[in-house]
Amino acid sequence: MVGNVASSEVINQLEAWYQAIKRLQLAEATTIKHEVMKAIDGMDQDRKVFLYYHLIDSRYHLLINQWDYAGAILKGLKAQVELKETDKLLRYYYYFFSGLYEFHTKQYIEAIHFYRLAESLLKDIPDDIEQAEFNYQLAVAYYEIDQHFVSMDHAEKALELYLQNDQYKNRVATTQMIVAANQLDLYQFASAEALYKNAIELASDVQDFFVKGMGYYNLGVCYDRQDKLDLARECFESALYVDLPKSQYQGVMVGTKYMLARVLFKQGILEEGMHWFEEAKALADEMKDASYQAKLSTIHSIYKERDEVEIDDGLRVLKEGKLWSDVFELAINAARHFQEKEDYSLAAKYFDEGLVAKDQIKAWKEDTAST
């Protein structure tokens, strides 16, 4: 069959598809994906266009949380991308999307490695929104390894660019949340609260329910850190009732239900806490998310069963995944709980665990700086 669709037409559709993905417009991105697939079927063989299609498809599957599928696409493209004739834009996409994949699998150092490879090609891409997207994702990655000032620098670069385009108000909101998350870790509570509230309002205005749900979740975390547990509980409950797209439901809800259970356990409201614990556990098991399974086991063993062996096992899983921020947070939660219960031996043990985790975070920063 002779192709009757021009390559240039398919490239335009691919660009529109990627723009929808960057705006987090899932329904629009899905619609365009189907249109692109039909156009590809009616097009003559064109290596560049097919490579472009598969790269954007990997990004689409990252958006809908199908990480294994996205990773398999990227792995299959490696040899083609590394050919000398592959242009800079496609190589940039490969490195950037590989960084996103590594980030979503919690391999943060590897993610930053790929981002740096992408950054060497970004200067040749005259697209302000792509510059914003890149800086936003780098800000998220640096936040995860507690490099707060580096993270905020990238977030502010992204924010400046997003603010210049009315189509990206939801991305303004997500970027504000990264700035707020850094402020929260730096104990700038009032500034963080204000930014989270503004992000929720922005997301509501543009009816982006995913970003709105994340806004309530993050504001709840902000209140939890300040031990304002009633306010934290209200935020997590608000997040539960946001009308999320099906493909994004699990990713938001497993964290929200976990945090709601943890807050209720802290308040001593154990029966209701167990309800949300079971809900979160069912989601974590369905997703096969080992980190949430470990975190859930740990809080259950701190607040409900007082099982030192299970606490240690949960922390071990998180350590093996190099999730040192989670280890630090849960160890300190355990230490404070056992201190309140006048079990000073366990309190001292978990304060020490927290200090070890903090040292690991510091070493992580040094490793990243030298990579």
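The values are calculated or read from the model by the stated rules, or taken from the named source; none is laboratory data. In this text, all values refer to a predicted model and were calculated from it rather than measured experimentally. No Cβ is skipped: glycine too gets one built from the backbone with ideal geometry, and neighbour counts run over all protein chains shown. Surface accessibility is based on the protein's heavy atoms, side chains included, excluding ligands, DNA and RNA. Shrake-Rupley method; radii C 1.70, N 1.55, O 1.52, S 1.80 Å.
So the label point goes 7 Å from the Cα of Ala27 along Cα→C-beta, right? Which residues of segment 235-260 then have their backbone N under 18 Å from it? Only 242-249 pass the distance filter.
Other residues within the sphere of radius under 9 Å centred on the Cβ of Phe277, judged by their own Cβ, net out at +2 (K and R +1, D and E -1). On the basis of the beta-carbon distance and an R0 of 45 Å, Thr86 and Phe149 show a calculated FRET efficiency of 0.80. Sparsely packed loop sites in segment 248-323 (the trypsin sites (Lys or Arg not before Pro) outside DSSP H, G, I, E and B with at most 11 other Cβ atoms within 10 Å) comprise Lys288.
Given 10 °C and 1.306 mPa s, compute D for the chain with the Stokes-Einstein relation, Rh being the Kirkwood radius over Cα pairs; round to the nearest whole µm²/s. The partial results should precede the final answer.
Working: Rh = 21.9 Å.
Approximately 73 µm²/s, per Stokes-Einstein.
If R₀ is 22 angstrom, what is the calculated FRET efficiency for the pair Val309 and Glu278, using the beta carbon separation as r and rounding to 0.05?
On the way: r = 21 Å, r/R0 = 0.97.
Once the sixth-power term is evaluated, E becomes 0.55.
Under 20 Å from a label point set 7 Å out along the Cα-to-Cβ vector of Trp67, the amide N atoms of segment 115-139 belong to 115-116, 134, 136-139. In the chain, the portion of solvent-accessible area held by carbon and sulfur atoms comes to 50 percent [1.4 Å probe, whole percent, DNA, RNA and ligands not counted]. Simple point charges give the picture: +1 on the Cβ of Lys and Arg, -1 on the Cβ of Asp and Glu, and for segment 274-358 a dipole about the Cα centre of about 260 debye. Surface exposure of segment 62-206, expressed per residue as accessible area with a 1.4 Å probe, stands at 44 Å².
Taking all protein chains as they are arranged and a probe of 1.4 Å, the heavy atoms of Glu9 leave approximately 100 Å² accessible to solvent.
So what is the calculated 222 nm ellipticity per residue for the chain, using -39500 (n - 2.57) for each DSSP H run with n of 4 or more, over all residues, to the nearest 500 deg cm²/dmol? After summing the helix terms and dividing by residue count, I get -26500 deg cm²/dmol. Relative to the longest principal axis of the Cα atoms of the chain, the long axis of helix 148-162 makes an angle of roughly 40 degrees. FRET efficiency for the pair Asp343 and Asn165, taken as 1/(1 + (r/R0)^6) with r the Cβ-Cβ distance and R0 = 51 Å, rounds to 0.40.
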